[in-house]
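Reading through the structure tokens given below for one structure.
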Amino acid sequence: MAAAKKEDSKKRKHAPPTAAKSPPHNKLSGDKKQQAKSHDPVDIKRQCRIKAKELVEARKKRKKHYTLEQELASLWEKMRIRNIAKEERSRLVSDALKRMKGKIPEIASSHVSSRVLQSCVKHCTQDERNAVFVEIRPHFITLASYTYAVHLVTKMLDNASKEQQVEFISSLHGHVAALLRHMVGSLVVEHAYQLGNAAQKQTLLMELYSPELQLFKDLISVKEAKLVDVISNLQLQKGSVIRHMTSVLQPILEKGILDHSIIHKAIVEYFTIADRSSAADIIQQLSSPDLVRMIHTKDGSKIGIFCIKHGSAKERKKIIKGMKDKVGKIARDNCATLVLVSILSIVDDTKHLSKVIIRELEGILKELLSDQSPSDVNDVNVALGEETEASGLAEAGEEDSCHTGADATQSSHLNEGGKKDPLTRRRELLVNSGLAEKLIDACCEMAEELLRSNFGKEVIYEVAMGGADSILRPTLDGKLETLHGVIASLAANPKMEGSDEQHLFEHFHSSRTIRKLILDSPSFACTLYEKALKGKCSNWAQGHSAKVISGLLETSSSVVHKLVKKEVQPLVDDGILKLAK
């Protein structure tokens, strides 16, 4: 027994190590690493992208004209190169059109094919373009509703002959209202409206007025431009026209399709016949931040003015809020600036105006003053109280667009402008807001540029005079005296011989502006004489500058007469200087 135990103990000593203690197998460890790698998030995302691309490619391959589109894309990459030879491009265009012949209406809605077709229409010959027009002519209305095909249709319109243009506009008959309700289709109608002549524009518009005009094409030969005259001439029922136009315009406004000039014109015509409650409904719908998208056209600005004048305080606040961060762009637009003028002239909430409009105008004041456009200075002139051409146009447009029907109901839901005293409103917007002080500082910095400018001279004159009703006085008398001194110092500069730039007294615009200031502002006349003209009047008694010198005697101020008479009167007596009769 003892010998057996001894043998067992020897066996255990020399036994190989157990599986538990053995090192892991290389194959198993490799599998674990591979498994860990397969769970890498980056790798999973990459595999998902590859699968998604494969699915997209497989879906494209199921399309009827997949192969053709691939061939066209290859040709397009070659033909759109800028420095390609004209003959080579013509050859590629002809090749592409041959491949597409008979299939254009089917492939025009494709993103790739539409781009190829646009390039072909742009660079092909007139005969090839006519062939494309003939092929897509029966499908105009269908293609006008497709996101990509619409670009081909507009390109065809741009390159169409007069006969083709007439044919296309004729094909829109009966579909104008439906297309205007469509986000994509409305682009085609607007493009045709912009390209058409007055008669063609009227043809498109009249479909929106009445179902009879939409159904019977022969009735659309009326030459009257205004809806009131159309109703009178064709003996249409006014109530029926209002109901039809409401049913046409409401869906368009609800979808936010507000950018097109044909819609603006239709709304303006609607306001000329609508009763007060119907007009109030449209105003309520339009009085939103989206109104900013309409006011860039002449009719759109009329609508904006109408909404500002007749909207409620809440509706006006919505419109003004929508102008935030866009005031600079609005001020530079010849039509949109009229709406800004009406806001400054009508809205009573000057605190809100100061926060949204005045603050933004202050930031771009110098930029607006230096821009050679009349629209840029209209808002400042209105705040100063000057009756500008733009404010006159605004009132004229307002009267034209705000005229309601003769039998309009008397129970009005419309407001009639602001209730605050105009002088108080102007003072709060101009003086209390701090705009006037910054305006005077800007005029001091840019005095010479403004005096020489055709439009800027009006601004610096109004500022130097203290505005209408002397609104800047007496609060800013010190600043105004500084401005007078700056103008006088510039005028005191000696005349440079051989210089291309004319002296302020000899420049056409600046000489007349300075003369006007002399006649209307005795304080300026005295400052100018003391700083720039004392002892030098005889040097400026000829040419444009003579108007400045003669103004010193023509002014009604006895103080100025007493100051200058000793020096200027001898020039008149000797016949050197002539006074206006």
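The values are calculated or read from the model by the stated rules, or taken from the named source; none is laboratory data. Computed from a prediction, not measured in an experiment: that's the story for all the values here. With ideal geometry, Cβ positions are generated from the backbone for all residues, glycine too; neighbour counts draw on all protein chains shown. Surface areas here come from the heavy atoms of the whole protein model, side chains and all, with no ligands, DNA or RNA. Shrake-Rupley method; radii C 1.70, N 1.55, O 1.52, S 1.80 Å.
So, of the residues in region 489-520 that are hydrophobic (A, V, I, L, M, F, W, C) and under 18 Å from Ser550 (Cβ atoms), which turns out to be surrounded by the fewest Cβ atoms within 10 Å (Cβ to Cβ)?
The initial filter retains those residues of region 489-520 that are hydrophobic (A, V, I, L, M, F, W, C), namely 490-492, 496, 504-505, 508, 514, 517-519.
Subset that is under 18 Å from Ser550 (Cβ atoms): 491, 504-505, 508, 514, 517-519.
Values: Ala491: 23, Leu504: 25, Phe505: 24, Phe508: 11, Ile514: 29, Leu517: 23, Ile518: 27, Leu519: 17.
The qualifying residue surrounded by the fewest Cβ atoms within 10 Å (Cβ to Cβ) is Phe508.
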Go through region 472-488 and give me each residue that's surrounded by 21 or more Cβ atoms within 10 Å (Cβ to Cβ) and either more than 18 Å from Ala525 (Cα to Cα) or polar (S, T, N, Q) (or both). Leu472, Leu476
Looking only at region 495-544, count how many residues are in a helix (DSSP H, G or I), farther than 16 Å from Ser453 by Cβ and of a type outside the set (Lys, Arg). 18
I'm checking my understanding of the structure. Among residues of region 132-142 that are closer than 24 Å to Ser74 by Cα and in contact with a Pro (Cβ under 8 Å, 6 or more places away or on another chain), which one is surrounded by the fewest Cβ atoms within 10 Å (Cβ to Cβ)? Glu135
The condition of being part of a helix (DSSP H, G or I), without any contact (Cβ under 8 Å) to a residue 24 or more places away in the chain and of a type in the set (Lys, Arg) holds, among Lys565, Lys547, only for Lys565
Region 521-540, residues that are open to solvent by 20 Å² or more (accessible area, probe 1.4 Å) and either touching a helix residue (DSSP H, G or I) at 6+ places or on another chain (Cβ under 6 Å) or not acidic (Asp, Glu) (or both): Pro522, Ser523, Cys526, Thr527, Lys531, Lys534, Gly535, Lys536, Ser538, Asn539, Trp540
Of all residues in region 300-349, count the ones that are aliphatic (A, V, I, L, M), in contact (Cβ under 8 Å) with a residue 60 or more places away in the chain and closer than 21 Å to Leu365 by Cβ. 2
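The rows are residues; the columns are (1) more than 19 Å from Lys78 (Cβ to Cβ); (2) among the charged types (D, E, K, R); (3) open to solvent by less than 40 Å² (accessible area, probe 1.4 Å).
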position: Arg99; (1), (2), (3): no, yes, no
position: Gly102; (1), (2), (3): yes, no, no
position: Ala108; (1), (2), (3): yes, no, yes
position: Ser114; (1), (2), (3): no, no, yes
position: Gln126; (1), (2), (3): yes, no, no
position: Asn130; (1), (2), (3): yes, no, no
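Anything in region 143-165 that is farther than 13 Å from Ser114 by Cα and either among the small types (Gly, Ala, Ser) or surrounded by 14 or more Cβ atoms within 10 Å (Cβ to Cβ) (or both)? List them, or say none. Let's see the steps before the verdict.
From region 143-165, those farther than 13 Å from Ser114 by Cα are 145, 157-165; that's our starting set.
The answer is Ser145, Leu157, Asn159, Ala160, Ser161, Gln164, Gln165.
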In region 560-580, anything hydrophobic (A, V, I, L, M, F, W, C) and surrounded by fewer than 16 Cβ atoms within 10 Å (Cβ to Cβ) is listed as Ile576, Leu579, Ala580
